[in-house]
1. For the stretch 47-73: of the residues being in contact with a helix residue (DSSP H, G or I) (Cβ under 7 Å, 6 or more places away or on another chain) and either assigned to a helix (DSSP H, G or I) or in contact (Cβ under 8 Å) with a residue 40 or more places away in the chain (or both), which is surrounded by the fewest Cβ atoms within 10 Å (Cβ to Cβ)?
2. Determine whether the stretch 193-210 contains at least one residue that is modelled with pLDDT of 95 or more, surrounded by 13 or more Cβ atoms within 10 Å (Cβ to Cβ), in contact with a strand residue (DSSP E or B) (Cβ under 9 Å, 6 or more places away or on another chain) and in the same structural domain as residue 270 (by TED's automatic domain parsing).
3. Output the number of residues of the stretch 128-169 satisfying the condition of being under 23 Å from the mean Cα position of the chain (by Cα) and more than 28 Å from residue 69 (Cα to Cα).
4. May I ask you to list the residues in the stretch 126-137 that are surrounded by fewer than 23 Cβ atoms within 10 Å (Cβ to Cβ) and touching a helix residue (DSSP H, G or I) at 6+ places or on another chain (Cβ under 7 Å)?
5. Restricting the stretch 237-283 to residues that are more than 28 Å from residue 65 (Cα to Cα) and in contact with a strand residue (DSSP E or B) (Cβ under 7 Å, 6 or more places away or on another chain), which is surrounded by the fewest Cβ atoms within 10 Å (Cβ to Cβ)?
6. Checking residue 239 against (1) outside any loop (DSSP other than H, G, I, E, B); (2) touching a helix residue (DSSP H, G or I) at 6+ places or on another chain (Cβ under 7 Å); (3) farther than 22 Å from residue 6 by Cα, only one condition comes out false. Which one?
7. Please state which of the following conditions residue 76 fails to meet, knowing it meets all the rest: (1) in contact with a strand residue (DSSP E or B) (Cβ under 7 Å, 6 or more places away or on another chain); (2) part of a loop (DSSP other than H, G, I, E, B); (3) in contact (Cβ under 8 Å) with a residue 40 or more places away in the chain.
8. Under the condition of being in contact with a strand residue (DSSP E or B) (Cβ under 8 Å, 6 or more places away or on another chain) and more than 12 Å from residue 173 (Cβ to Cβ), which residue from the stretch 148-163 is surrounded by the fewest Cβ atoms within 10 Å (Cβ to Cβ)?
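The values are calculated or read from the model by the stated rules, or taken from the named source; none is laboratory data. Computed from a predicted model, the values in this text were never measured in an experiment. Don't worry about glycine lacking a Cβ; one is built from the backbone with ideal geometry, like all the others, and counts go over all protein chains shown.
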């Protein structure tokens, strides 16, 4: 029996809760949003899809196996980067930490800047560090895979670093050599990969929601995937959460420190860590 909670029932939180229910992953849902009428509408919409117990009582969230934290402001065409949402979303994260006191499950952080709020919940919220994991790596890696395919490279992409401008696509593990100039061009495209969706329909939904669902499945199986965690010295990084490969379970995570990065990738990862550490100091 798996109990999934969604803290924030907007586009991504609502869709992730829906996918968890209709695919049979969640045996029970707990939904929370600050807008009561909207929350009731989301609950009814899921009920009309599948027969699954749904609570909107915040206290029922405490013993959920997973809590998807997606509350707060999201990107729009006027918000240049995810990091630009820090000041608006920090008070929301702090309020959520108070409301989630006593939560015993796995917190999946979605709200941007995601890496910074993963650090906040892991280090400053009162939750155990092993309870907290940040989303982003699976989605960024999929976007990289799409970009590689457009270049005629039919291989799975991997992206480390920030879920944002300082993401680090790995080229050195591909079967073909990609020159540095082309790498920079691909990276530039990846930085803006979500904006056509945001401009065209108001925000990303399907991609993030699917990969949140996929992430919970991987955690249940104890699989390795790229996610945001406090680095705690891995790859020479400390003072921030950042996207790295890790085996994640409900009880914790173990970072894989054996990836071999070339000079371009290592430089980009260090730059990402420096940027994120600066933001994480502000929480």
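1. Just the residues of the stretch 47-73 that are in contact with a helix residue (DSSP H, G or I) (Cβ under 7 Å, 6 or more places away or on another chain), to begin with: 49-50, 52, 54, 56, 58, 66-73.
Retained after the next criterion (residues that are either assigned to a helix (DSSP H, G or I) or in contact (Cβ under 8 Å) with a residue 40 or more places away in the chain (or both)): 58, 66-72.
Values: 58: 14, 66: 25, 67: 26, 68: 30, 69: 27, 70: 29, 71: 22, 72: 21.
Ranking the candidates gives 58 first.
2. no
3. Of all residues in the stretch 128-169, those under 23 Å from the mean Cα position of the chain (by Cα) come to 128-148, 155-169.
Adding the requirement that they be more than 28 Å from residue 69 (Cα to Cα) leaves 147-148, 155.
Of the residues in that region, 3 qualify.
4. Scanning the stretch 126-137 gives 126, 127, 129.
5. Just the residues of the stretch 237-283 that are more than 28 Å from residue 65 (Cα to Cα), to begin with: 237-238, 258-279, 281-282.
Right, trim to in contact with a strand residue (DSSP E or B) (Cβ under 7 Å, 6 or more places away or on another chain) and you get 259, 265, 268-269, 272-273, 276.
Numbers: 259: 17, 265: 20, 268: 22, 269: 26, 272: 24, 273: 25, 276: 29.
Filtering the stretch 237-283 for residues that are more than 28 Å from residue 65 (Cα to Cα) and in contact with a strand residue (DSSP E or B) (Cβ under 7 Å, 6 or more places away or on another chain), the one surrounded by the fewest Cβ atoms within 10 Å (Cβ to Cβ) comes out as 259.
6. Residue 239 satisfies every listed condition except (1).
7. Against the list (1) in contact with a strand residue (DSSP E or B) (Cβ under 7 Å, 6 or more places away or on another chain); (2) part of a loop (DSSP other than H, G, I, E, B); (3) in contact (Cβ under 8 Å) with a residue 40 or more places away in the chain, residue 76 comes up short only on (1).
8. Here is the first cut: in the stretch 148-163, the residues in contact with a strand residue (DSSP E or B) (Cβ under 8 Å, 6 or more places away or on another chain) are 157-163.
Checking which are more than 12 Å from residue 173 (Cβ to Cβ) leaves us with 161-163.
Details: 161: 29, 162: 31, 163: 31.
Here the answer is 161.
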